[in-house]
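The values are calculated or read from the model by the stated rules, or taken from the named source; none is laboratory data. Note that this is a predicted model, so its numbers are computed, not measured. When we count neighbours, we look across all protein chains shown, and the Cβ atoms used for this are built from the backbone with ideal geometry, even at glycine.
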Amino acid sequence: MTAANLDHVTLKVGDYGRAEAFYDAALGPLGLTRLFGDGETFAGYGAGRPFFWIGSDGRAGYAHVAFATAERATVEAFHAAALAAGGRDNGAPGLRPHYHPTYYGAFVLDPDGNNIEAVCHAPA
């Protein structure tokens, strides 16, 4: 049996314009850009193909999404960019040894309260 891989994630956002501005800024340090969308109700982000989507029907939901990166400095850049874009700190960059010894992550709440994480699993 072959294991399944994550194909895409969609977050429901309350204020599309605010969410688009947040994700345009916050995902940049992770090498992800807005690749597709209508500019009013949905957008897809990725590198090569969109796999992270936001969409709005005027009501927000809640989700936790983690983006993996190969370098701890990228986790820190994500956290700083997300805070500068209006996110709220939900866990500063650092080791989370209760997950595993080299789990280095940072958590930010987006404008709708979704928990967005960047994580590096590599040793220092």
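Taking the condition surrounded by fewer than 18 Cβ atoms within 10 Å (Cβ to Cβ), in contact (Cβ under 8 Å) with a residue 12 or more places away in the chain, in a loop (DSSP other than H, G, I, E, B) and not β-branched (Val, Ile, Thr), does TYR99 pass? So TYR99 fails the test. Selection over the range 71-95 of residues that are basic (Lys, Arg) and crowded, with 16+ Cβ neighbours inside 10 Å gives a count of 1. Across the range 56-90, the number of residues qualifying as at pLDDT below 95 and within 13 Å of GLY113 (Cα to Cα) comes to 7. For the condition outside any strand (DSSP E or B), in contact (Cβ under 8 Å) with a residue 40 or more places away in the chain and under 29 Å from ALA122 (Cα atoms), THR74 qualifies.
So that you can scan it fast, the table gives a plain yes or no per residue for (1) farther than 19 Å from GLU117 by Cβ; (2) exposed (fewer than 15 other Cβ atoms within 10 Å of the Cβ):
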site	(1), (2)
HIS8	no, yes
GLY17	yes, yes
ALA26	no, no
ARG34	yes, no
ASP38	yes, yes
ALA47	no, yes
PHE51	no, no
